[in-house]
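We did not get these values from a lab; they are worked out from the coordinates using the rules stated. Quantities reported herein were computed from a predicted structural model and do not represent experimental measurements. Glycine also receives a Cβ, built like all others from the backbone with ideal geometry; neighbour counts cover every protein chain displayed.
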Amino acid sequence: MANHKSAIKRNKQNALRNARNTHIRSTMRTYVKQVRQAVAEGNAESAKTALERVIPFIDKAATKGIIHKATASRKISRLTRLVNALQA
């Protein structure tokens, strides 16, 4: 356990950041699953609305440094291709 004041503060900061990052990552994964589930069901309208909700969330996660920007771009690209293939 931390003994110095600065180490105690650092532990608190790390715990808060970890909780925030975990929440954002988990929520992002849930939204991605909703898009994939709508595509699997063949529901184009639901898939499109879910995609519109997840794209800004993925971008925000990349901006905050929770995921890499290339990972965010790849996820958005693949999900968009899935939804577009369903609509075509």
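Return the whole-Å distance between the Cα centroid of the range 28-88 and the Cα centroid of the range 1-27. Each part reduced to its Cα centre gives a spacing of 29 Å. Residue pairs exceeding 32 angstrom between C-alpha atoms, taken from Lys9/Lys75; Lys9/Lys33; Lys9/Lys60; Lys12/Lys60: Lys9/Lys75; Lys9/Lys33. Compared with the direct C-alpha span, the chain from Ala40 to Glu52 gains 2.6 nm at full extension, assuming 0.36 nm per residue.
Extension gain for the segment Lys12 to Thr71, taken as residue separation times 0.36 nm less the Cα-Cα distance, is 18.4 nm to one decimal. Which value, in debye to the nearest 20, gives the size of the charge dipole of the chain about its Cα centre, when Lys and Arg are +1 and Asp and Glu are -1 at the Cβ? Dipole size: approximately 660 debye. Phi angles of the range 69-86 translate, via the Karplus equation with coefficients 6.51, -1.76, 1.60 and θ = phi - 60°, into HN-Hα couplings of 5, 5, 5, 4, 4, 5, 4, 4, 4, 5, 5, 5, 4, 4, 5, 5, 5, 5 Hz per residue; Gly and Pro are given as x. By the Kirkwood approach, averaging reciprocal distances over each pair of separate Cα atoms, the range 5-87 gets a hydrodynamic radius of 13.8 Å.
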